[in-house]
């Protein structure tokens, strides 16, 4: 089983996770820029974070045979913080980087006017740079948030088929599918989807334009959830080709819209990155 986790925050994970993911079949990941938990206080802290997504994290992933790409954006939660909003002016220089395959995560957290502005601005940046967009749907008032998101997408220059609506569930999948967007589902303990619910959605709505991710981060999460969904699909009677479509070909197709997806880059890099090594106790 080959697996592409299209939404995982490896900055928050250990090298043991990379090894376990590789052993489970994960060969590629996309890491979206997101909220770190601790509020950032200036655009400069975003710049350092973006640089790590482009340098250190792909270096770590390559040591374990996993290709790492990222998405870059001002996330919805911090779009409400005036100290962070100036990072929007820094985004264009990152959106031209080879390993940036989408603008994201963008979207809504609390559905404020500031989030409206940030979402519209970044959808335009995606259109300007020929990139798709990874859109975070809110964890509260999900259906209202989805509808508001679709309204802003409809007003933008970005085609709906270049939009991935993430964190969907049973409440929002129908309207997301009808809109023609790609559909993302986060399988995450306690607060989002689980394997059985994901299988039920696939039975009801089919595998077309569906991406399954772990969204693993610094919270109670599991970077092997993609594999567990694949196993659950097989137990439920899906054949290996459909599993491959959901866990590999669909994310390849969506992020391939960027023209930058390079799945041949997982050869182990040099043992050092800018003079630093992940090795401990060895040469």
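Given the criteria more than 21 Å from residue 254 (Cβ to Cβ), in contact (Cβ under 8 Å) with a residue 24 or more places away in the chain and under 16 Å from the mean Cα position of the chain (by Cα), does residue 162 qualify? Please lay out each step first, then the result.
Values: more than 21 Å from residue 254 (Cβ to Cβ): no; in contact (Cβ under 8 Å) with a residue 24 or more places away in the chain: yes; under 16 Å from the mean Cα position of the chain (by Cα): yes.
No: the conditions fail for residue 162.
Scanning the stretch 176-195 for residues that are more than 16 Å from the chain's Cα centre (by Cα) and within 16 Å of residue 247 (Cα to Cα), which turns out surrounded by the most Cβ atoms within 10 Å (Cβ to Cβ)?
Step one: of the stretch 176-195, the residues more than 16 Å from the chain's Cα centre (by Cα) are 176-180, 189-191, 194-195.
Okay, now just the ones that are also within 16 Å of residue 247 (Cα to Cα), so 194-195.
Details: 194: 15, 195: 19.
Step by step, filter the stretch 176-195, then rank; the result is 195.
Before we move on, is residue 31 under 26 Å from residue 162 (Cα atoms), touching a strand residue (DSSP E or B) at 6+ places or on another chain (Cβ under 7 Å) and surrounded by 18 or more Cβ atoms within 10 Å (Cβ to Cβ)? Yes. Among the residues of the stretch 16-27, are any buried (at least 23 other Cβ atoms within 10 Å of the Cβ), in contact with a strand residue (DSSP E or B) (Cβ under 6 Å, 6 or more places away or on another chain) and not in a helix (DSSP H, G or I)? Within the stretch 16-27, one or more residues are buried (at least 23 other Cβ atoms within 10 Å of the Cβ), in contact with a strand residue (DSSP E or B) (Cβ under 6 Å, 6 or more places away or on another chain) and not in a helix (DSSP H, G or I).
Could you tell me which of the residues 168, 91, 146, 134 is part of a strand (DSSP E or B), surrounded by 16 or more Cβ atoms within 10 Å (Cβ to Cβ) and at pLDDT 95 or above?
Working: 168 fails: part of a strand (DSSP E or B); 91 fails: part of a strand (DSSP E or B); 146 fails: part of a strand (DSSP E or B).
Going through 168, 91, 146, 134 in turn, the sole match is 134.
Filtering the stretch 112-127 to residues that are outside any helix (DSSP H, G or I) and either out of contact with any helix residue (DSSP H, G or I) (no Cβ under 6 Å at 6 or more places or on another chain) or buried (at least 22 other Cβ atoms within 10 Å of the Cβ) (or both) leaves nothing. It is to be established whether one or more residues within the stretch 37-58 are in a helix (DSSP H, G or I), over 14 Å from the mean Cα position of the chain (by Cα) and within 14 Å of residue 223 (Cβ to Cβ). So far as the stretch 37-58 goes, yes, one or more of its residues are in a helix (DSSP H, G or I), over 14 Å from the mean Cα position of the chain (by Cα) and within 14 Å of residue 223 (Cβ to Cβ). Among the residues making up the stretch 213-240, those that are surrounded by 15 or more Cβ atoms within 10 Å (Cβ to Cβ), without any contact (Cβ under 8 Å) to a residue 40 or more places away in the chain and touching a helix residue (DSSP H, G or I) at 6+ places or on another chain (Cβ under 6 Å) are 232, 233. Inspection of the stretch 255-278 finds a residue satisfying the criterion of being at pLDDT 90 or above and not in a loop (DSSP other than H, G, I, E, B). Scan the stretch 1-12 for residues that are within 15 Å of the chain's Cα centre (by Cα) and in a loop (DSSP other than H, G, I, E, B) and the total you get is 4.
The values are calculated or read from the model by the stated rules, or taken from the named source; none is laboratory data. Source: prediction; values computed, not measured. Reconstructed Cβ throughout: ideal geometry from the backbone, glycine too, with neighbour counts over all protein chains shown.
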